[in-house]
């Protein structure tokens with residue numbers, strides 16, 4: 001019953017805010033519009049300019065569009081995708097509730113889940129055509145199967161789901177070493193590790209093959225094409241990189257640097273030649289090793305930099321983003337302050353710890369980050385942040401009882 005209420009509550013809140021206040025059909029511009037173009041290009045069985053695609057999300061979107069076309073609903077593709085995002089997120093929070101119950105009591109887990117459901121930045125993301133929506137569902141579903149189920153079939157399914165999460169948000173790849181370490185520390189066994197990681201690797205290779213097959217350029221079979229340029233921008237502290245080779249041209253500028261001054265580099269090397277841009281970044285590190293310290297400053301961008309894409313100008317929208325930004329910083333501090341001993345009963349904390357730290361590691365090693373990155377990871381701090389706060393306040397709550405006992409002794 002609590003799970004059903006969480007799902008209905010999530011769908012109700014999202015449906016009302018998204019369709020009454022945000023009107024997603026008006027925001028099909030910039031990155032969401034580019035995702036539509038890439039998916040429609042695949043849909044009409046033409047090659048796609050994969051270097052513009054960044055992740056493999058466009059393939060999931062193309063499959064969804066194909067289903068809509070089959071059922072004669074393609075004209076409603078924007079509304080249908082938003083409805084799908086709403087329902088997938090509602091289901092994801094049901095999985096989150098089940099995970100939360102393994103860390104605390106049912107009532108606390110229920111209240112924390114309701115608190116997480118109203119996290120406004122994720123509601124806003126649900127209104128847009130972005131990979132974070134599918135990623136959030138695949139991630140929570142996969143973690144639920146790993147933590148809350150015991151059979152081998154569930155672990156295999158979890159591997160496929162986490163693989164799907166990675167091809168939608170490639171920065172998630174940094175989590176897999178942490179996940180492997182978690183399996184080792186909490187003694188899940190070689191058979192369990194194989195059951196999870198073999199499907200993950202299979203998914204990565206499968207989507208690399210598909211991207212090479214449908215791509216206009218078939219140089220390297222990868223699940224994304226911007227790792228190199230991201231690395232170069234991060235290590236060289238560049239504002240923008242632009243390339244042009246004859247009639248082919250493209251540029252990339254991280255949203256966190258939209259409003260900042262910096263150097264723009266023009267090249268004749270396409271972004272799909274990632275080795276060139278990795279070498280560019282490594283040369284910058286060689287010439288300026290102090291950049292390894294400067295990279296730590298990039299982590300702050302996931303908390304405060306630039307929300308992209310952001311189309312809404314209303315003051316309530318700005319206010320909600322600001323409020324949740326502050327809450328996110330505070331809960332992140334509480335999350336790390338919670339830091340329990342490595343015990344079996346704390347295994348979920350350490351799983352979430354690895355997940356959050358992997359995001360920071362990804363930003364530190366090869367990406368300057370942006371505010372949108374934290375949104376699908378917020379559930380990690382929304383669970384253990386409040387639990388730490390409760391632990392912090394618990395002695396204060398018990399003091400009246402202690403004073404009462406002392407008073408009785410005095411009698």
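A short reminder: the numbers here are calculations on the coordinates, not readings from a lab. Nothing here was measured: the structure is a model prediction, and the numbers come from that model. Cβ sites come from the backbone with ideal geometry, for glycine too, and all protein chains shown count toward neighbours.
Quick notes on this structure:
- Summary of the geometry: segment 305-362 and segment 143-175, compared by the centres of their Cα atoms, lie 21 Å apart.
- For the chain, DSSP calls about 45 percent of its internal beta bridges antiparallel.
- Cβ-Cβ distance of residue 209 and residue 66, R₀ of 22 Å, FRET efficiency by 1/(1 + (r/R0)^6): the value works out to about 0.70.
- Principal-axis tilt of helix 274-287 within the chain, Cα atoms, nearest 10 degrees: 70
- Net length gained if the chain between residue 194 and residue 239 were fully extended (0.36 nm per residue, minus Cα distance): 12.0 nm
- Highest-MSF residue in the chain out of 109, 80, 227 [GNM, Cα springs under 10 Å]: 80
- The relative contact order of the chain, computed from alpha carbon pairs under 8 Å that lie at least 6 residues apart in sequence, is 18 percent.
- Ordering 331, 128 from the fewest to the most neighbouring beta carbons within 10 Å gives 331, 128.
- Which of 236, 148 has the fewest Cβ neighbours within 10 Å, and the rest in rising order: 148, 236
- Given R0 = 35 Å, the distance between the Cβ atoms of residue 329 and residue 74 translates into a calculated FRET efficiency of 0.25.
- Residue order, fewest to most surrounding Cβ atoms within 10 angstrom, among 149, 89, 41: 149, 41, 89
- Taking the C-alpha atoms only, the angle from helix 378-410 to the longest principal axis of the chain is near 10 degrees.
- Once both labels are positioned 7 Å from their Cα atoms along Cα-to-Cβ, the gap between residue 118 and residue 322 label points is 2.0 nm.
- Using C-alpha pairs under 8 Å with a sequence gap of at least 6, the mean separation divided by the residue count of segment 164-279 gives a relative contact order of 22 percent.
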